[in-house]
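Chemist: The structure under discussion is supplied below as structure tokens; questions concerning it will follow.
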Amino acid sequence: MSLANKYPKEVKQILSKYPPEHKRSAVMPLLYLAQREEGYVTKTAMQDIAKMLEITETDVAAIVGFYTLYHDEKAGKYRMQVCTDLPCALRGADQFIESLCGNLGIKVGETTEDGLITVEGVMCLAGCDKAPMFQVQGPDGIKYHENMTVDKTMELIAALKKTAGEAK
Amino acid sequence: MSKQVTLTIDGKQVTVPEGTLVVDAAKMIGIDIPVFCHHPKLEPVGMCRMCLVELGRPMRDRNTGQFVMENGSPKIQFMPKLETACTTKVEDGLVVLTQSAKATEGQKGTLEFLLTSHPLDCPICDKGGECPLQNLTMAHGPGKSRFIYDEKKHRDKMVPLGELIYLDRERCIQCARCIRFQSEIAGDSVIGFDERGRSTQIVSFSDPGFDSVFSGNTSDICPVGALTTADFRFGARPWELEAQASICTQCPVGCNTTLNTRREAKAGGKIVVKRVMPRQNEEVNEIWLCDKGRFAYHYAEGKARLTKPQVRKDGKLTRASWEAATKLAAENFLKAKKNFVILASGRLSNEDLFNLKTLSEHSEGKAYLYSHMAGGELTSLVGVGEGTNFGKMGAGTTIVVVASNLYEEAPIWYLRVKQAAERGANLIVMNARETKLDKYASFVVRYAYGDEVKTVNDLSKKSKISDSFLKSENAVILYGSDGLGVSGSAAVASACAKLLHDNDSVGKPNNGLIGVWGRANDQGAWEMGFEVEEDLAKVLKGKAVYIVGADPVADDPKLAKALEGAEFVAVQDVMETATIEIANVVLPAQAFTEREGTLTSGERRVQRFYPAVPVTGDAKADFAITSQIARHMAVVLEGTSVSAVFDILAESVKSFEGLNYDKLAEVKPQWPIVGRGDLYYGGTTYENAQGMGVQLSAAAARGEKLSIPRVQKEAAPRPKENELLAVPVTKLYDRGTTVRPAELLHERIGDASVVLHPDAAKELGVEAGQTVNVSFNGVSGEAVVKLDDTISVGVALIPRSMGLAIREPVAVKVK
Amino acid sequence: MAHVLLRHRDIPDINKLEVYKKNGGFDAFKNAVTKMKPNEVTDVVKNSGLRGRGGAGFPTGMKWAFIDNKNWPHYVVANADESEPGTFKDREIMESNPFQFLEGVAIASYAVGATAAYVYLRGEFWQVVAFLDEKIAEMEEAGYLGKDLFGTDYSLKIYTHLGAGAYICGEETAMLESMEGKRGQPRVRPPFPPSYGLYGKPTIVNNVETLTNVPLILANGADWYKKMGTADSAGVKVFSLSGRVRKPGNYELPFGTTFRELIYTHGGGVQDSHKVKAIMPAGASSSLILVDDDKVLDTPMDYASVRTIGGDLGSASVIVVDETVSIDWLINKTMHFFKHESCGKCTTCREGTYWMSHLTERIHEGHGKPADVDLLLNVAKQMQGKCLCALGEFSTMAVVTGIERFREDFDKAVKA
């Protein structure tokens, strides 16, 4: 099903933000919409967006490839993106991500066996004063979690697991 | 004229128009500032940082605005940072240092950065020998790498972007010339960058990959060996190649080409064409070629070439001498008297066609042009006028494209018309279906097949569209045969000619009528006085037929049947065709790569082509064969010197008056400057040193009285109720004799297809991609269904030369 | 002193429309639209001495005056792509004092004749964008945005646009490209956005903090603003303090406050009572200021003074580095960042950051030779002045100053 059929209200609202002759601007919000369900942008979705905006599929793919928050491959349902950049690293971010991964039994970049969590190390998230911190990119968008400890994070993961279980 | 600006580059003063970029100004006085991302045909981007130069600007007094003087000349203040010559526009008094220690250091730095990622595989790289990066490295590069080789980023080296173009990801220097060419010039944004930073790489997501008919040009302007054509890849080293000027014979645009040849063991030590390259002619194809022109040349070298004259004995073709074969043909032609018919195609040169036409005039015969499209007597009457150049058209000019899908029929015209529209020309596209050019048009008129004449006539009735046309300073109409046969295209041509004539848009530069013909020299045939015939079968049946450069038996079962009933058939061709199966005499002709001659383009430009490879077997040039036949018929025609034929032609055909081979070989300075030592500037396109050709005068310009035939009401039949009307359309890559032998293009040629409106398909219960049976006119065959919701429900489009013989609109059954 | 920007710290619930209104909210905008000509608004901002808070410090009023009035329509784009490591001020402003920021956007739009303004937020600010969208809707509801405002014929819409993870989009022309639905790569300048911006139309791009200053400048006058701060750096600034301090966070202080006051009075001093070894005053893009002498800490934080100790104030994202940190580790971190964020458009940055990150990694991991340190310094210098935009230039700052000012850390790393 095309995006316009699946999310008619959202698509209309997105397109209304930009001058009609520059509807190409809508490519970024439409990609977020396309990513909502599967956590990544499928080839069909790219074709769909290209058609809607009268650009080529290659033009759309070039956008997906450029920005780090778009994905063209499936990963965990929740991407736990831990900032390990300089200011956070000065406040223990490297140790945090390492022990978090240790607890989960995965390496950075890997996904837990149940397919729920992928842990990624990312660049600065503008939460430097509240390190260690990370964001969770999931079906409902992106949410920040700041002043975190490994214990608090494991609680969060348990809660996410519960929600995912209930959803099933 | 725009304002002129004077600046100094490396101590040399130069005066150039305002707005010129420093890098181009330097080029004009012979100073080559090294570049990679800059290309004079593309918008400046300043990405590669190769063209770093030192810039000084004259100091101005804050109060008076005058230059501050020092020792009698303006005091120059140099900028602390180097700047890119490719993004800086000239200014009065600007001082540019391209070779100073600081500039050189900057350029060397950029070169070193590029080399950290570039592989050292020049010895096996196709670009080696004509590679800007290699040349600049040899000249200025460091002798030793400071980057640890083990840390080089290794990437895929054989990535097909499509089946025509391969990408070597290690060699790519991310200059984006190819991507920018595709989006800015070709308008097919089908390649792009994926990822970012050092991981940036070129990708194509189109289906098929790199879906553009201009893809080959990217390999010319690629400044490294990242993009290579599947055709030339690992084919030869550039320094082994000879270069011969030629003209593309695939369509009426007449692109100037260079044939690169080499003696080759694989070909038994023969000299063969290794690749076709563009040759600069800013008035025709600039520095571009379409992929059909670049890759379809293989037919001339095909195994199916005719090498010896043959005559049919006891039902079998048997080798014969030239004397015997031509004599047999001549005797039969003489015997036929009024029943002698010449059927010649626009694949032939002007000289060939002239001799054929003269032969028909000196015997009792008739000469027909083998074409599905008519109206050429009118293009010859009303122009376009001498000096017409799409490259100079912009605001003030209206270009009308009617019944033609230029992207498929004449790609370089598509590209030139698109660019003229982008420069401000008023583009009116009239077609029965959506075409790629619509996007660039000021007005798009969608009509139903059959309404072509009415639509053209409406341009003289009051409307916003007609206003834009009538008030335009200049007007050019390109008409084609989308959905039309001989009579339909004749009707459209007369409507267009009348409109132009009434509007005084004839006989002047950038005014007049252009036919989008099926073949390269159809216009030449019209100039010689050839005619087309709607019912060819009728005029062939029972006659003594001299078929030159055409394969009617393969094209159309109706014609095959007519020829079976012919009295006598002589076939003169380059290759074995289906028609020779019924021939009494077969005469082998030389391919255009093996001989000299001239062609007349759709813009009525006469251009010379030159021999590039040795003659195959005993083949002779067409004009010479005709002359030999003529001699046996007691008609004297020049048969030895092609330039002498041209001289006689120029004396007899008015529009050619005053022309000769020397004039056609003249060149004038062109911009941008290409093809010299600095391959990094314009790419590997060839400089034109062999002639830019001459445009013919139109009868209108010579002050002759013009008589435009009466315009019909309707161009072609419209679909009747409960009937599907098949209409012929043209596809770039078809199964024609000059395309099919190029194996590389087979995927693009694809299967025979029938295009339906989605509603029509629904009604018939067929789906896109499904194979159906199509039958009309006693012809029947399989075709794959394609859908197009811009056509009317009652029509079915059948591509020409794709296995279903369609000459004009006809009722069809699809099952 | 009451806050000018972080007013939520003084006035609870200022993120509620009623509370904001009660505290003088939208008066400045209404006054401008109903009583002032656009160029008069620009003049006030010009006279206030307000300079861009995104890092470059360009005079805001002067930028507005550059708008090309021969080419229409005009746009205002608020730069909320806050991505510089160590910077987290715009996020707090938008989350806690959103109306003042949006009123600033509105006033700027009126001043330059824009009837559509966009807020470009970094993609990670997913929650912020939802919040701002609500606030914009509230303003529309209350008649502060929309058609024919305050009974005049001036209309304005504000839209949000979410990025998707690219530091480079903080560069104004890359941001415009991104907004146009293209890859966020910087354009060649000139032309600058006030003449050729969004969709090729004249556009003013201002940072969130910059714009948030505007309502109070208009309400209280240029002189009121100019009195705060120093002669060359007027007004107040939000300093984002991070790194090895006890109380990291945003601190709104007048320009000219010393590093010492920021770090010790407000930031509570260095963790574990260590000594300050180096300061990065403008995030990862900074030069490393060597703190070998108490006088350095007493330097006033304004554009001119910071330059005297070998750095640039930039966005005032002060990262504090103490003596437990080895500089070879630090620049390996920053190089990893810049390599990851280089857009790949220009050769210098694309290849230079890649090469430098190889070298910093090798040195930091103990595989380097002394010559590698010299090579690293040389490569960084070879990049300087040759990049298409500031990202590439900035990537070299910590490398060059790190090696030049903390050579012993590198010597140790290549020896070990």
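Quick note: the coordinates plus some simple rules give every number you see, no bench work behind them. Predicted model only: the values in this text are computed from it and were never measured. Don't worry about glycine lacking a Cβ; one is built from the backbone with ideal geometry, like all the others, and counts go over all protein chains shown.
Chemist: Which cross-chain or sequence-distant (5 or more) residues have an amide H under 5 Å from the amide H of B:Leu42, H modelled 1.01 Å from N in plane?
Modeler: For B:Leu42, no residues qualify.
Chemist: Just checking the output field for C:179-192: average partner chain Cβ neighbours within 10 Å of each residue's Cβ?
Modeler: Neighbouring Cβ atoms belonging to other protein chains average 6 per residue here.
Chemist: Once you've got the GNM for chain C with C-alpha springs shorter than 10 Å, pick whichever of C:Ser285, C:Ser233, C:Ser273 has the biggest mean-square fluctuation.
Modeler: C:Ser273
Chemist: List every residue whose amide H lies under 5 Å from the amide H of B:Val532, counting only residues 5 or more places away in sequence or on a different chain, with H placed 1.01 Å from N in the peptide plane.
Modeler: Long-range HN contacts for B:Val532: B:Leu369.
Chemist: Right, next: With runs of 4+ DSSP H residues as the only contributors, calculate the mean residue ellipticity of the protein assembly as shown at 222 nm using -39,500 (n - 2.57) per run, divided by the residue total and rounded to the nearest 500.
Modeler: Here the helix-only value at 222 nm equals -9000 deg cm²/dmol.
Chemist: Over the whole of B:198-211, what's the average partner chain Cβ count within 10 Å per residue? Rounded to a whole number, please.
Modeler: That average works out to 5.
Chemist: Go through region B:635-731 and name the GluC sites (Glu not before Pro) that are in a DSSP coil and have 14 or fewer other Cβ atoms within 10 Å of their Cβ.
Modeler: Those that pass, being in a loop and sparsely packed, are B:Glu657, B:Glu666, B:Glu704, B:Glu714, B:Glu721, B:Glu723.
Chemist: Let me ask another. Residue by residue through region C:397-407, what is 3J(HN,Hα) from phi via Karplus (6.51 cos²θ - 1.76 cosθ + 1.60, θ = phi - 60°)? Round to whole Hz and write x for glycine and proline.
Modeler: 4, 5, 5, 5, 5, x, 6, 5, 9, 9, 4
Chemist: Return the distance in nm (one decimal) between the two label points of a simple spin-label model at C:Asp133 and C:Asp10, each offset 7 Å from Cα along Cα→Cβ.
Modeler: Distance between the two pseudo-spin positions: 3.3 nm.
Chemist: Next question, about the same structure. Can you pull the semi-axes for the protein assembly as shown, root of five times each eigenvalue of the Cα gyration tensor, sorted largest first, whole Å?
Modeler: Equivalent ellipsoid of the protein assembly as shown: 67, 34, 31 Å, largest first.
Chemist: Peptides C:325-337, B:13-25: what's the order by average Cβ count within 10 Å, highest mean first?
Modeler: C:325-337, B:13-25
Chemist: Right, here's the next one. Relative contact order for chain A using alpha-carbon pairs under 8 Å, separation at least 6, rounded to a whole percent?
Modeler: About 18 percent, as a whole number.
Chemist: Name the long-range amide H neighbours of B:Val754: under 5 Å, sequence gap of 5 or more, or other chain; modelled H, no Pro or chain starts.
Modeler: B:Val784, B:Val785, B:Lys786
Chemist: Rank A:Leu90, A:Leu104, A:Leu116 by mean-square fluctuation in a GNM of chain A with C-alpha springs under 10 angstrom and give only the top-ranked residue.
Modeler: Greatest mean-square fluctuation among the candidates belongs to A:Leu90.
Chemist: Let me ask another. Using the Karplus curve 6.51 cos²θ - 1.76 cosθ + 1.60 with θ = phi - 60°, what ³J(HN,Hα) values do you get for each residue of region B:498-503, in whole Hz, with x for Gly and Pro?
Modeler: Result, ordered by residue: 5, 4, 5, 5, 4, 9 Hz.
Chemist: Limiting things to C-alpha atoms, what are the Rg and the maximum Cα-Cα separation (Dmax) for chain B, in angstroms?
Modeler: Radius of gyration, then largest Cα-Cα span, for chain B: 28.4, 101 Å.
Chemist: If I model a spin label at B:Asp314 and A:Lys6 as a point 7 Å from the Cα along the Cα→Cβ vector, what separation in nanometres do I get?
Modeler: Roughly 7.5 nm, to one decimal.
Chemist: Relative to the present Cα-Cα distance, how much length would full extension add between C:Lys226 and C:Thr115 at 0.36 nm per residue of separation? Walk me through the numbers on the way to the answer.
Modeler: Values: separation 111, 0.36 × 111 = 39.96 nm, distance 2.92 nm.
Full extension from C:Lys226 to C:Thr115 adds 37.0 nm.
Chemist: Another question about this same structure. Assuming R0 = 56 Å, what is the FRET efficiency of B:Thr104 and A:Arg36, from their Cβ-Cβ distance, to the nearest 0.05?
Modeler: In this case the efficiency is close to 0.55.
Chemist: A further question follows. Say each of B:Glu747 and C:Glu408 gets a label point 7 Å from the Cα, pointing the same way as Cα to Cβ; how far apart are those two points in nm?
Modeler: Each label point is offset 7 Å from its Cα along the Cβ direction, giving 6.4 nm.
Chemist: Then there is this: Each residue of region A:38-53 in turn: what ³J(HN,Hα) in whole Hz from Karplus with 6.51, -1.76, 1.60 and θ = phi - 60°, glycine and Pro shown as x?
Modeler: Going residue by residue, I get 9, x, 8, 9, 7, 4, 4, 5, 4, 4, 4, 5, 4, 5, 4, 9 Hz, with x marking Gly and Pro.
Chemist: Students often get this wrong, so check it: of B:Lys292/B:Lys436; B:Lys418/C:Lys201; A:Lys6/A:Lys143; C:Lys135/C:Lys227, which have C-alpha atoms separated by over 27 Å?
Modeler: Checking Cα-Cα distances, C:Lys135/C:Lys227 exceed 27 Å.
Chemist: With an 8 Å Cα cut-off and a minimum separation of 6 or more residues, compute the relative contact order for region B:391-507 in percent.
Modeler: 30
Chemist: Against the longest principal axis of chain C, how steep is helix C:208-220, in degrees 0 to 90 to the nearest 10, with axes from Cα atoms?
Modeler: In chain C, helix C:208-220 runs at an angle near 40 degrees to the longest axis.
Chemist: Then there is this: Would you work out the relative contact order for chain C, in percent, from Cα pairs under 8 angstrom that are 6 or more residues apart?
Modeler: 16
Chemist: Quick one: go through region B:115-158 and flag any residue whose amide nitrogen is under 14 Å from the point 7 Å out along the Cα-to-Cβ line of B:Arg233.
Modeler: It comes to B:125-127, B:156-158, nothing else.
Chemist: Given a 10 angstrom Cα cut-off, can you work out which residue in C:Gln127, C:Gln384, C:Gln185 is the most mobile in a GNM of chain C?
Modeler: Comparing C:Gln127, C:Gln384, C:Gln185 in the GNM, the peak value goes to C:Gln127.
Chemist: Let me check I have the definition right: for region B:171-305, take the eigenvalues of the Cα gyration tensor, multiply each by 5, take square roots. What are those semi-axes in whole Å, largest first? Don't skip to the end; give the middle numbers.
Modeler: Values: eigenvalues 156, 65, 38 Å².
Listed largest to smallest, the semi-axes of region B:171-305 are 28, 18, 14 Å.
Chemist: Taking only the Cα atoms of chain C, how large is their convex hull per residue, in Å³?
Modeler: Convex hull of Cα atoms, per residue: 129 Å³.
Chemist: Where Lys and Arg each count +1 and Asp and Glu each count -1, what net charge lies around B:Ser468 among other residues with Cβ under 14 Å from its Cβ?
Modeler: Around B:Ser468, the charge tally is +1.
Chemist: Oh, and also: Which peptide among B:461-469, B:59-67, B:497-505 comes first, and what is the full order, when sorted by highest mean count of other Cβ atoms within 10 Å?
Modeler: Highest to lowest by the protection proxy: B:497-505, B:461-469, B:59-67.
Chemist: Using a Debye calculation, one point per C-alpha and no hydration shell, please list log10 I(q)/I(0) for region B:632-675 at q = 0.33 Å⁻¹ in order.
Modeler: Each listed q corresponds, in turn, to -1.16.
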